[in-house]
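Here the structure is laid out as structure tokens; the discussion comes afterwards.
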Amino acid sequence: MNYDVIVIGAGPAGSSTALALARQGWKVAIVEKAAFPRRKVCGEFMSATNLALLDKFGLGDAWRTEAGPEVRRVGLFAGNRNIEARMPPAPGGGYGRALGRDLLDTLFLAAAREAGAEVFQPWHAVDIAGEGTAQAVRIATGEEERLLSAPVIVAAHGSWEQGKLPSQLQKTSRPSDLFGFKAHFSDAHLTADLMPLFIFPGGYGGMVWSDHGRLSISCCIRRDVLAAVRGSHGGLPAGEAVFRHIAASCRGVAEAIRDDVVADGGWLAAGPIRPGVRPGYADDIFRVGNLAGESHPLIAEGISMAIQSGWLLAAELSGVDLGARSARANAGRRYSAAWRRQFWLRIVAAESFARAAAFPGAARIAWPLVGAVPGLLTLGARLSGKTRTPAGLGVNERPEPY
Ligand SMILES: Cc1cc2nc3c(=O)[nH]c(=O)nc-3n(C[C@H](O)[C@H](O)[C@H](O)COP(=O)(O)OP(=O)(O)OC[C@H]3O[C@@H](n4cnc5c(N)ncnc54)[C@H](O)[C@@H]3O)c2cc1C
């Protein structure tokens, strides 16, 4: 089965790439191993800087209708202290909101299918091999296998799972590795327009109201601390044990999710997560989303970067004859440069914030500073990309429709 491009993974990065390329007339195959809708470890907040892009993709109205309340304030909860500050609006106005990944990812993939992409789901990409001018991706579901072929391969399978694909990351096992956890709760006690970050011994997290009255709570915890926490809450599932550890040290979280609050679907876990900047093109494979580069979840910018990187890649590939490997390598260089211009600062900012949060006694040192100048939280939100629209999609720019 021959295509112009095969996209592996239908998270926001893969589906936005597939959608943009299908709208440009490319023959697109997209391969997703999970059946949708599926929940995912993610806080689910997305900045309003993406609205122009969502509108361009035809998904803006659905997002405005479905997502939770506007987040107009950012907070910091640690120990017994809660600090709040103004969230900066996106240029042109508007605030970020959260939409469950079960809904968001399903909307994006449906739009890609509608635009003409052929969707293989639930199919698992198990191998990528060179094949002359084209390349072959072997996909499998149950006992069945198929070979898809295309000159352009886009890896959008995220960065958290190991496997045999040349684009998958090598395993790590360090005490400082961070594991992600997430759950939804109904009837929680948190002000509607507030998104607090919280820090606790061994990690950090965030809470935000998502769609349909679901509070999304997500966090990252060090591997060594997770092991100790599980040991001291023997018999409890890992997510429950982590939640008790957080609630025991952070009053703001304990008050938002009291005993009367109802869990909606149980805790999910993923990881270790892999923050950092990676090549946008290597081994003749283009990479988008988390795989190209991942910010610490602390700044809640991963979905934005995923969607925007798909759009950036599609823009760089547009109108180029990619039959020859040298042409793909040139496009890869242009895409990687555009990616760094757009995302480098927020990855570095997130790394600094995460290091500060993980520092022993972080809360003790942070309070006098942030307590005296809550505007530092607003500045942090700016540095993390909350006011940076994708190039070509600013308030005074008129993006070409696909
Ligand atoms: C605790 C935590 C909280 C977070 N909170 C936020 C937040 O509030 N806001 C935000 O913007 N970001 C947040 N993030 C980051 C965000 O979740 C990621 O950056 C985002 O999901 C990356 O999107 P992606 O499309 O690159 O990858 P993914 O969303 O990981 O999607 C990859 C897809 O590929 C599929 N796949 C994997 N392997 C294969 C294969 N071999 N074959 C076929 N399919 C495959 C998977 O099933 C998946 O659907 C958070 C992350 C964590 C850990």
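Read-outs throughout are calculated quantities, based only on the coordinates presented, and are distinct from any laboratory measurement. Nothing here was measured: the structure is a model prediction, and the numbers come from that model. Cβ: placed from backbone, ideal geometry, glycine included. Neighbour counts: every protein chain shown.
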Query raised in the report: Residue by residue, what Karplus-based ³J(HN,Hα) values in Hz, rounded to whole numbers, does the range 82-94 have, using 6.51, -1.76 and 1.60 with θ = phi - 60° and x for Gly and Pro?
Result: 10, 10, 10, 8, 6, 8, x, x, 5, x, x, x, x
Report task. Over every pair of different alpha-carbon atoms in the chain, take the mean of 1/r and invert it; report that Kirkwood radius in Å. Result -> 21.5
Query raised in the report: What is the spread of the Cα atoms of the range 1-126 along each of their three principal axes, largest first, in whole Å?
Result: 58, 33, 20
Query - Most to least packed among 212-225, 289-302 [average Cβ atoms within 10 Å] - result: 289-302, 212-225
Query raised in the report: Relative contact order (percent) for the range 131-210, with alpha-carbon contacts under 8 angstrom and 6 or more residues of separation?
Result: 14
Query - Net dipole in debye of the range 40-159 [+1 Lys, Arg Cβ; -1 Asp, Glu Cβ; about Cα centre; nearest 20] - result: 740
**Report entry** Normalised convex hull volume, the range 113-266, alpha-carbon set, Å³ per residue
**Finding:** 179
Query raised in the report: What does the convex hull of the Cα atoms of the range 85-168 come to per residue, in Å³, rounded to a whole number?
Result: 184
**Report entry** Nearest-20 debye value, the chain charge dipole, Cβ charges on Lys, Arg, Asp, Glu
**Finding:** 1220
Report task. Take the Cα coordinates of the range 197-254, assign each an equal point scatterer, and use the Debye formula without solvent to give log10 I(q)/I(0) at q = 0.16, 0.21, 0.26, 0.29 Å⁻¹. Result -> -0.49, -0.78, -1.07, -1.22
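For the pairs LYS40/LYS164; LYS171/LYS386; LYS56/LYS386; LYS33/LYS56; LYS182/LYS386, flag any whose C-alpha to C-alpha distance is greater than 24 Å.
The pairs that break the limit, which is 24 Å between Cα atoms, are LYS171/LYS386; LYS33/LYS56.
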Requested in this report: Just name one of GLY158, LEU169, GLY180: the one whose Cα is farthest towards the positive end of the charge dipole of the range 114-185 (beta-carbon charges, Lys/Arg +1, Asp/Glu -1).
Outcome: GLY180
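Rank by packing, highest mean first: peptides 42-52, 242-252, 270-280, with packing defined as the count of other Cβ atoms within 10 Å averaged across residues.
Working: 42-52: 25.3, 242-252: 21.0, 270-280: 18.4.
Ranking, from highest mean packing down: 42-52, 242-252, 270-280.
Give me the tail of P(r) for the range 182-329 as a percent: Cα-Cα pairs with distance above 20 Å. Don't skip to the end; give the middle numbers.
Details: 6288 of 10878 pairs.
Cα-Cα pairs in the range 182-329 separated by more than 20 Å: 58 percent.
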Report task. Determine, for each peptide in 137-144, 375-382, the mean count of other beta carbons within 10 angstrom over its residues, then list the peptides with the highest first. Result -> 375-382, 137-144
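Roughly what % antiparallel, to the nearest 5, for the DSSP beta bridges in the chain?
On the way: 51 of 72 bridges.
Percent antiparallel among DSSP bridges in the chain is about 70.
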Query raised in the report: Could you list log10 I(q)/I(0) for the range 1-57 at q = 0.30 Å⁻¹, which the Debye formula gives when each Cα is one point scatterer?
Result: -1.20
Report summary line: Of the residues ALA282, VAL41, SER249, the Cα lying farthest along the dipole of the chain towards its positive end, which is defined by charges on the beta carbon of Lys, Arg, Asp and Glu, belongs to SER249
Report summary line: Over the chain, the sum of -39500 (n - 2.57) across DSSP H runs of at least four, divided by residue number and rounded to 500 deg cm²/dmol, gives at 222 nm -10500 deg cm²/dmol
Report summary line: Residues whose built amide H sits under 5 Å from the amide H of MET46, excluding neighbours closer than 5 in sequence, are ARG97, ALA98, LEU99
